Amino acid sequence: MADWVKVAGSLSAISAGSRTTVWGVNSAHAIYRYTNYDGSPWINIPGALSDIGAAADGTVWGVNAGNQIYRYTGDQGATNWLGINGSLVRIDAGSRTNVWGVDSAGGIYRYTNHDANPWIKIPGALSDIGAGADGTVWGVNSSNRVYRYTGDQDPSDPWADVAGSLQRIAVGSRTNVWGVDPAGGIYRYTNNDASGTNPWIRIPGTATDVAAGADGTAWHINTAGEIYRYTGDQPS
């Protein structure tokens, strides 16, 4: 697969903030961080999560099977994960100040940057969400419709409908947005909503989850849990 290089390991969810900040969880909910060395690529981090979000600035958040929310603090002290009030099934972090999640009813929440009152509800309903380092946010709903957040431009209509059909979405920045369709097809945003009738370009491969970093980094995992890093922008 010339567009992707296989990396040893097995994951069920993956998130990338940058080339050097890549995290994932496996089917047993164990947590792993990429070592930046393909010869021994993953280090296990204590804890158990079902979804994880990693940002370019090193921020990492996760949710567990009980929908409890955690922020990574293992680089600050002896406690690896700090519990944050709330209940979410999906989470993503673009930066320390751009953290979004979705609850079990599809409700959308943005982190307030104040742990005592941590979440503000945003109108709409989504099943997956992606947040970028520059404040960009995209989401998909249970019908696989695709949306880009515009609530900081038009609060009366906070989500712009973008053509396409995706069930997973990942955002590194305004220009690095990736998704996976219901059949496992991998797509990258063309940065042009009116690009013909489809603002997405198909990238070879099949996936169940995809990750996009602020620096252009992209990873995906497939139904077998196999892990791949995107190399389609590098000489073959």
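The values are calculated or read from the model by the stated rules, or taken from the named source; none is laboratory data. Small disclaimer: the values here were computed from a predicted structure and weren't measured. Neighbour counts run over all protein chains shown; Cβ positions are idealised from the backbone, glycine included. Only protein heavy atoms, including side chains, enter the accessible area calculation; ligands, DNA and RNA are left aside. Shrake-Rupley method; radii C 1.70, N 1.55, O 1.52, S 1.80 Å.
Could you please find all residues in the range 159-178 being open to solvent by less than 20 Å² (accessible area, probe 1.4 Å) and either touching a Gly at 6+ places or on another chain (Cβ under 7 Å) or under 23 Å from THR223 (Cα atoms) (or both)?
Within the range 159-178, LEU166, ILE169, ALA170, VAL171, GLY172, SER173, ASN176, VAL177, TRP178 qualify.
Would you check if there is a residue in the range 151-161 being of a type in the set (Ser, Thr, Tyr) and in contact with a strand residue (DSSP E or B) (Cβ under 9 Å, 6 or more places away or on another chain)?
Checked against the condition, which is being of a type in the set (Ser, Thr, Tyr) and in contact with a strand residue (DSSP E or B) (Cβ under 9 Å, 6 or more places away or on another chain), the range 151-161 yields no hits at all.
Quick one: in the range 114-139, which of the residues that are charged (D, E, K, R) and more than 17 Å from the chain's Cα centre (by Cα) is surrounded by the most Cβ atoms within 10 Å (Cβ to Cβ)?
ASP115
Given the criteria in a strand (DSSP E or B), within 27 Å of THR206 (Cβ to Cβ) and either in contact with a Pro (Cβ under 7 Å, 6 or more places away or on another chain) or β-branched (Val, Ile, Thr) (or both), does ILE120 qualify?
Judged against the criteria, ILE120 is not a match.
Taking strands (runs of 3 or more DSSP E) that fall entirely within the range 1-113, which contain at least 1 residues that are crowded, with 23+ Cβ neighbours inside 10 Å and out of contact with any Asp or Glu (no Cβ under 6 Å at 6 or more places or on another chain)?
The strands (runs of 3 or more DSSP E) meeting that bar are 13-18, 21-25, 31-34, 51-54, 60-63, 69-72, 90-95, 98-102, 108-111.
Restricting the first residue to the range 179-208 and requiring it to be under 15 Å from VAL140 (Cβ atoms), which pairs with a second residue that is among the hydroxyl-bearing types (Ser, Thr, Tyr) and open to solvent by 70 Å² or more (accessible area, probe 1.4 Å) meet a Cβ separation below 6 Å and a spacing of at least six or different chains?
GLY184/THR206; THR208/THR223
Quickly run through the range 149-181 and pick out the residues that are over 14 Å from the mean Cα position of the chain (by Cα) and not in a loop (DSSP other than H, G, I, E, B).
Listed by number, the residues that qualify are TYR149, TRP159, ALA160, ASP161, VAL162.
May I ask you to say which residue of ILE201, ILE186 is in a strand (DSSP E or B), open to solvent by 20 Å² or more (accessible area, probe 1.4 Å) and not basic (Lys, Arg)?
ILE201
Here is a list of conditions, (1) closer than 30 Å to ILE45 by Cβ; (2) not in a strand (DSSP E or B), and GLY139 meets all of them except one; can you say which number that is?
GLY139 satisfies all of (1) closer than 30 Å to ILE45 by Cβ; (2) not in a strand (DSSP E or B) except (2).
Among (1) under 17 Å from the mean Cα position of the chain (by Cα); (2) surrounded by 18 or more Cβ atoms within 10 Å (Cβ to Cβ); (3) within 22 Å of TRP61 (Cα to Cα), there is one condition VAL146 misses while meeting the rest; what is its number?
It fails just one condition, (3).
Which is open to solvent by less than 40 Å² (accessible area, probe 1.4 Å) and either in contact with a Leu (Cβ under 7 Å, 6 or more places away or on another chain) or of a type in the set (Asp, Glu) (or both), of ASP181, ASP152?
Exactly one of ASP181, ASP152 is open to solvent by less than 40 Å² (accessible area, probe 1.4 Å) and either in contact with a Leu (Cβ under 7 Å, 6 or more places away or on another chain) or of a type in the set (Asp, Glu) (or both), namely ASP181.
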